[in-house]
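S.K.: Have a look at this one before I ask anything.
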Amino acid sequence: MRRLAVLAKIQLVDFFSKYKSGMGLRARRARLFLYLTLFCLAFPFIQMSVGVYQTFSILGRPESAVALMYLTVVLFMSFTAIPFLLSHFFYGGDLQFLAALPLPVEYIVLAKLSTLYCYLLIINSLVLAPAMILTGINYQLTALFWLLLFIVWLLVPLLPLLVSSVVALGTVKLFAPQGKKNLLSIFFGFGLLFLIIGIQLLMGGENSSVAEAWTLSIGGYFRPVQWVARLSAGSAREFLFFLLLNLLLAAGLWRLIPRLYRSALHSVNQTAVAKGRITYRQRRKAVQLLRRNLFILLRQPVFMMNTLLILAVPCLMLLIAVFTGELPIDLMVLPENRNRLVVLFVTVTAAPALLLNLSATAITREGRTFWETKVLPVEVWDNLRSRMWTTLIVNVIASLLIGLPVVLLFGIEWPVILSGAFFIFTLTRVLATIDLLINLYRPYLDWTNPAAAIKNNLNVLFSLALRPLFLAVPYFFSFCWTALGEEKVLCLSGLVFLLLHFLIFGSCKDLMIRKFNQIVA
Amino acid sequence: MDSGKEVQKMLVLEEVTKSYDGKENAVERLSLTVKAGEIFGFIGPNGAGKTTTIKMITGITAPTSGRIMINGIDLAASPVEAKLNFTYVPDHPEIFSSIRGIDYLNFIADMYEIPVAQRQARVEKYAKTFGLYDKLDRLISVYSHGMKQKLLICGALLPNPRLFILDEPLVGLDPLAAKNLKDIMREHCRRGGTVFFSSHLLEVVENICDRVAVINKGRLVACDRLEKIKEESGHNLEEIFLELTKDA
Ligand SMILES: Nc1ncnc2c1ncn2[C@@H]1O[C@H](COP(=O)(O)OP(=O)(O)OP(=O)(O)O)[C@@H](O)[C@H]1O
Ligand SMILES: [Mg+2]
């Protein structure tokens, strides 16, 4: 048992340490920054939970909020857990290493699952707990009930854990032999996104009665929804049911362990074989470097998935907003809404530049293969430029793909398109340069889990933290000169970015080359 | 010298020092010269600084002080020209592996701008020598450790480099591949190329090296023709090695 605890702890530390990865900062400041960022990420969820409680407590049925949030959190956890299991367990790097240790199979699987469990508990605390606590306070529960609620809080992740394990097992069995594992992760990632955005829109104001009706009808089939709701309103009988159910779930999960282990080991050892003819073809050096950087981004499943998921956010928001009528096309195209329309067009199209900070991990992504480009007879500056171009190409393609539907849907006029394109291109360029500079200062090459390289490391957070400064530029212009047309604001801001870009290029080129040479591979 | 034609210096290290942490020196004031056309062995116990030295020669890490000249070109001053003169096989075959073997070889060939006909001939020659040719259409990620190493060796031979640098090249290769590699190294020298490699395997060093350098705790403790070192001490290489790298 002690060994299990140690193993679970290592797994936990390994998983959560990626949030702190790439130190180099003064530890206290870094931690403060980290907590601040995490708080910013957590806040919307808590706000949603509290908001739902408020809506229903006005209607006099606060326990409905608990029911709704329970349903939400179960769905949410399941969709989070599936990609988690796929990337950290089925295709995770360290399973082979763990398998070689003299440990019972149950320990290995439980240690992996316990990381996921902790992760789910955090989600639970953000989504379900606020509504549950507020409802409990509303009904003036006794200490005993608070204890029961605490146990419920601990038990809620069990169901999503079991569901996601079964689904992950099934999908791996079905699709992995065909080498479709990237597709799989992307599929579930998109599912999660749809869920989040859908829920957000559903919770908004007048839709709450619809949400409640759904919850009620689902609760008719899926009793735990009612149990949790009644329990938080002060009924103890339901706790027994809930406990019983979770004992059954735990037993089910236990039975699943050997299968999970076998299937995961099987899929770790399985890789799709690419066929094709052996051909000899000469390409230019610059083209080859660019291809290499693009391949690193697109053929590493975690990197590609991350890129696509980030890009999917603005697309889905837009889609859902249009379809649910939050963004009425006929109103937006009216002349008095021109200002809003331009802002919508530019922010949606600039989303890749703002959200995808590919340059901030341009060097980190190489990991232990970084030495390759250092040995090759390539000028450092060309090497760096090809990394910036990689970012640029991906961003521009993404902006085009996202911007085109908006142009067609809302009939954006040419002057706006052109000035917007100029704005976005210059913004993309200057951000690509600044991000690369960040990465050069903090290369962070010795990661083992690709997720640590591209997500949640401090470089990424830094570069995101810089983004608002750039958005302030157009706001500044339109604020100072209210008479200035939208196109002029965009052009002026673009010029500022262009100037900034040349300034950085002029003054930091030597610094960037020096920093690159200093990286210890 | 007496023939009037000065022997060309392919690799010169001048007082090269490397410190990773600013306190201890992993390599300390190392000076040595490798002449064109020789096979040069670089030996020393674990942690002596062999890999560190090779990383400095190949430009992977910059030396803290000192100068490295490759074929008469200062590595720090004109890195690209210097790098065109050598290729390198590391001790750990960690390369980007989501591409096929042939894609990797084409990539390397493009970096050294090798014409298609030449690269095809060399790929076929070397990949077939190592029994890798049939696997070139597979993703590198499914290669075994030894196969990756063979792929790296093939890639490093593609540009027919003046200086061929290898770090522990024989570790992880099967006996046939090891023999093939030794043959290739000898052949490379016969055609005027230079080989610089590090190794633990004394008998390999003894078999094929023209000269050896022994390094211990970052310092050069011997550097000469093998027969000369042996003559002077009257021991075999193993005894000499143990003697030289013994804790003082
Ligand atoms: N990246 C690094 N950071 C800090 N110290 C390092 C690093 N790489 C090597 N060292 C240190 O430098 C010294 C020399 O290491 P090096 O890898 O060059 O030895 P080696 O001769 O190649 O050994 P081996 O025979 O085991 O390969 C060692 O003391 C090692 O701890
Ligand atoms: Mg070594």
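The values are calculated or read from the model by the stated rules, or taken from the named source; none is laboratory data. No experiment lies behind these values; they were computed from the predicted model shown. No Cβ is skipped: glycine too gets one built from the backbone with ideal geometry, and neighbour counts run over all protein chains shown. Just the protein is used for accessible areas: all its heavy atoms, side chains included, with ligands, DNA and RNA removed. Shrake-Rupley method; radii C 1.70, N 1.55, O 1.52, S 1.80 Å.
S.K.: Which whole-number percent is the relative contact order of chain B (Cα, under 8 Å, 6+ apart)?
M.R.: So the answer I get is 27 percent.
S.K.: What's the carbon and sulfur percent of region B:109-248's accessible surface, probe 1.4 angstrom, rounded to a whole number?
M.R.: C and S atoms contribute 48 percent here.
S.K.: Same structure, new question: Averaging over every viewing direction, what projected area does the convex hull of the Cα atoms of region B:97-160 cover, in nm²?
M.R.: Projected area, direction-averaged: 3.7 nm².
S.K.: Using a 10 Å cut-off on Cβ atoms, rank the peptides B:138-147, B:160-169, A:289-298 from the highest mean neighbour count down.
M.R.: B:160-169, A:289-298, B:138-147
S.K.: When the Cα centres of region B:139-187 and region B:61-96 are compared, how far apart do they sit, in Å?
M.R.: Between the Cα centre of region B:139-187 and that of region B:61-96, the gap is 19 Å.
S.K.: Next question. Hey, what number do you get for chain A at 222 nm if only DSSP H runs of n ≥ 4 count, each worth -39500 (n - 2.57), divided across all residues, to the nearest 500?
M.R.: That comes out to -26500 deg cm²/dmol.
S.K.: Okay, moving on. Tell me, what is the per residue accessible area of region B:16-91 in Å², probe radius 1.4 Å?
M.R.: 36 Å²
S.K.: Rounded to the nearest 20 debye, what is the charge dipole size of the protein assembly as shown about its Cα centre when +1 sits on each Lys and Arg Cβ and -1 on each Asp and Glu Cβ?
M.R.: 600 debye
S.K.: Across peptide B:73-80, how many C-beta atoms of other chains are within 10 Å of each residue C-beta, on average?
M.R.: 2
S.K.: Continuing with the same structure: Mind pulling the angle between the C-alpha long axis of helix B:145-157 and the longest principal axis of chain B? Nearest 10 degrees, somewhere in 0 to 90.
M.R.: Compared with the principal axis, the helix lies near 90 degrees.
S.K.: Ratio of Rg to Rh for the protein assembly as shown, alpha carbon only, Kirkwood?
M.R.: So for the protein assembly as shown, dividing Rg by the Kirkwood Rh gives 1.03.
S.K.: Then there's this: Can you give me the angle between helix B:175-190 and the longest principal axis of chain B, using Cα atoms only, in degrees from 0 to 90, rounded to the nearest 10?
M.R.: Relative to chain B, helix B:175-190 is tipped by roughly 70 degrees.
S.K.: Report A:Y35's accessible area, 1.4 Å probe, all protein chains in place, as a number in Å² to the nearest 10.
M.R.: Looks like 130 Å² after rounding.
S.K.: Now for a different question. When a/c reaches 1.5 or more, the comparison of a/b and b/c decides; with that in mind, is region B:56-120 rounded, prolate or oblate per its Cα gyration tensor?
M.R.: Cα axes put region B:56-120 in the oblate bin.
S.K.: Oh, and also: Within 10 Å of each Cβ in peptide A:368-374, how many partner chain Cβ atoms are there on average? Round it to a whole number, please.
M.R.: Counting other chains' Cβ atoms within 10 Å and averaging over A:368-374 gives 6.
S.K.: Further, regarding this structure: Quick one: buried accessible area between A and B, total over both chains, 1.4 angstrom probe, nearest 100 Å²?
M.R.: When A and B are taken together, about 3600 Å² of accessible area is lost.
S.K.: For the protein assembly as shown, give the share of DSSP beta bridges that are antiparallel, in percent and rounded to the nearest 5; count only bridges with both residues there.
M.R.: If we restrict to bridges inside the protein assembly as shown, about 55 percent are antiparallel.
S.K.: How big is the equivalent ellipsoid of region A:287-518 along its three axes, where each semi-axis is √(5λ) from the Cα gyration tensor, reported in whole Å from largest to smallest?
M.R.: That gives 34, 20, 14 Å for the three semi-axes.
S.K.: Could you tell me how far the Cα centroid of region A:284-315 sits from the Cα centroid of region A:382-436, in Å?
M.R.: Spelled out, the Cα-based centre of one part sits 16 Å from the other.
S.K.: Could you work out the relative contact order of chain A, using alpha carbon pairs under 8 angstrom and six or more residues apart, expressed as a whole percent?
M.R.: 18 percent
S.K.: May I ask you to give the percent of accessible area on region A:287-518 that is carbon plus sulfur, with a probe radius of 1.4 Å?
M.R.: The value for region A:287-518 is 72 percent carbon and sulfur by accessible area.
S.K.: What three numbers, in Å, describe the spread of the alpha carbons of region A:49-157 along their principal axes, ordered from the longest?
M.R.: Each principal axis gives a Cα extent; for region A:49-157 these are 57, 28, 13 Å.
S.K.: Pairs B:K9/B:K83; B:K50/B:K128; A:K285/B:K83; A:K9/A:K515; B:K23/B:K55; B:K128/B:K148: which exceed 25 Å Cα-Cα?
M.R.: Table pairs above 25 Å Cα-Cα are B:K50/B:K128; A:K9/A:K515.
S.K.: Let me ask something else about it. For chain B, what is the convex hull volume of its Cα atoms per residue in Å³?
M.R.: Roughly 140 Å³ of hull volume per residue.
S.K.: Something else about it: Once amide H atoms are built 1.01 Å from N in the peptide plane, which residues 5 or more positions from B:R100, or in another chain, come under 5 Å H to H?
M.R.: Here the answer is B:I140, since their amide H atoms fall under 5 Å of that of B:R100.
S.K.: Looking at chain A, do any whole DSSP H helices span at least 27 angstrom along their long axis by alpha carbon and average -1.0 or above on Kyte-Doolittle, and which?
M.R.: In chain A, the long hydrophobic H runs are A:27-58, A:62-85, A:105-127, A:181-203, A:237-268, A:301-323, A:380-410, A:414-441, A:458-480, A:486-518.
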